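Visitor: Before anything else, here's the structure in question.
FYI, it's all coordinate maths here, none of it is from the lab. All of these numbers come straight from a predicted model, not from anything done at the bench. A quick note on method: Cβ atoms are made from the backbone with ideal geometry, for glycine too, and the neighbour counts reach across all protein chains shown.
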Amino acid sequence: MPCNTRFSTSHPLDPLSPDEIIQACDTARHHLTESMQLKAFKFVATFAKPPPKLDVLAQLGIPLDVESVPETPSGPAHRTAEIHVIDVVTG
């Protein structure tokens, strides 16, 4: 189940920090219990989804061409957490 919680970090490809994992799991837990009415579920994996390559290059100041100037990042690097969950009642 994808989680749309966004995080700001120093490098767009850094792994999730413990605080980011807690925040993403809390968001997913709230969605699963409130919106989907699940009673029992198990978290299997939580990880950062890689951002688009152009966003990473812009954040790192790497130009697309040898002769061009690097893209200017529109702001801090944003990452999206993805969480895999199993409904233990229905599988």
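Visitor: Under 14 Å Cα-Cα from LYS49, which aspartates and glutamates qualify once same-chain neighbours fewer than 8 residues away are excluded?
Guide: Within the straight-line cut-off, LYS49 pairs with ASP14, GLU20, GLU82.
Visitor: I'd like to compare 79-87, 15-23: which one has the highest average count of other Cβ atoms within 10 Å, and what's the full order after that?
Guide: Descending packing order for the listed peptides: 79-87, 15-23.
Visitor: Working only with C-alpha atoms, what are the Rg and Dmax values of the stretch 24-91, expressed in angstrom?
Guide: Here Rg and the maximum Cα pair distance are 18.3, 58 Å.
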